[in-house]
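Student: Structure below; questions to follow.
The values are calculated or read from the model by the stated rules, or taken from the named source; none is laboratory data. Small disclaimer: the values here were computed from a predicted structure and weren't measured. All Cβ positions, even for glycine, are placed from backbone atoms using ideal geometry, and neighbour counts span all protein chains on display. We work out accessible area using only protein heavy atoms, side chains counted, and drop any ligands, DNA or RNA first. Shrake-Rupley method; radii C 1.70, N 1.55, O 1.52, S 1.80 Å.
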Amino acid sequence: MVNATQRHRDLLTALRGYQRRLLAFITGRTGSTADAEDIYQEISYRLIKADSYLHPIEQVGAWLYRAARNELIDRSRKQRELLLDDDIDEDWPVGDELSDVLFGQQSSAEDDYLRQLVWEELALALADMPPLQREAFEKTELQDYSFKQLAEETGTAVETLLSRKHKAVLFLRLRLQVLYEGITGV
């Protein structure tokens, strides 16, 4: 047990020795001290957790910088993921009015007419959309495909499909803006 305790102390000492340089390294790549401290804390935790008698970390400095680079890459990938809910911007009003019209319970003839009108406008907008964008939007939003399923079916990278869907959403926002404002009164 003494060896484990000593090893733990040695790791903490090494970690403190690299702290200032490692934080500067991470801050230079994130531009944010708060993000750098979060990443530093995460990799510090991983260092203590990863080191064991079975797999001792011999070169702590190299391990820390590699872990920091990997964490920066992981975070940048997460930020690039484009989900429909994340695409909301200030020009597009927040709310579920359009989805309520398309998929909600219809209780009157007026609701049924409005639903039919929206579906017709959506069909016209989809017909004018570039085919690859239309496919990405229709299959993920209207046919409940996951991006992984669609990627396997089409042989296209998930990132490319996400980009196509994002472009489709922007196209639909522009095309359906007047209809949306008419429905919501905004």
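Student: It is to be established whether one or more residues within the range 16-36 are over 14 Å from Leu72 (Cβ atoms) and under 23 Å from the mean Cα position of the chain (by Cα).
Tutor: Looking for residues that are over 14 Å from Leu72 (Cβ atoms) and under 23 Å from the mean Cα position of the chain (by Cα), one finds at least one in the range 16-36, hence yes.
Student: Is it the case that some residue within the range 119-133 is open to solvent by less than 60 Å² (accessible area, probe 1.4 Å), within 26 Å of Arg77 (Cα to Cα) and assigned to a helix (DSSP H, G or I)?
Tutor: The answer is yes, given that some residue of the range 119-133 is open to solvent by less than 60 Å² (accessible area, probe 1.4 Å), within 26 Å of Arg77 (Cα to Cα) and assigned to a helix (DSSP H, G or I).
Student: Which residue, of Leu142, Leu122, Leu150, Leu174, is of a type in the set (A, V, I, L, M, F, W, C) and touching a residue at least 24 places away in the same chain (Cβ under 8 Å)?
Tutor: Leu122
Student: Which residues, counting only those in the range 23-59, are polar (S, T, N, Q) and under 19 Å from Leu12 (Cβ atoms)?
Tutor: Gln41, Ser44, Ser52, Gln59, listed by residue number.
Student: In the list Trp92, Trp63, which residue meets the criterion of being at pLDDT 85 or above and surrounded by 10 or more Cβ atoms within 10 Å (Cβ to Cβ)?
Tutor: Trp63
Student: State whether the residues of the range 12-31 include one that is at positive phi and either open to solvent by less than 80 Å² (accessible area, probe 1.4 Å) or assigned to a helix (DSSP H, G or I) (or both).
Tutor: Within the range 12-31 (the criterion being at positive phi and either open to solvent by less than 80 Å² (accessible area, probe 1.4 Å) or assigned to a helix (DSSP H, G or I) (or both)), the answer is yes, since at least one residue qualifies.
Student: When you check Tyr53 against the structure, is it open to solvent by 50 Å² or more (accessible area, probe 1.4 Å) and at pLDDT below 80, yes or no?
Tutor: Judged against the criteria, Tyr53 is a match.
Student: Sticking with this one: Being in a helix (DSSP H, G or I), of a type in the set (D, E, K, R), at pLDDT below 75 and under 25 Å from the mean Cα position of the chain (by Cα) is the requirement here; does Lys139 meet it?
Tutor: no
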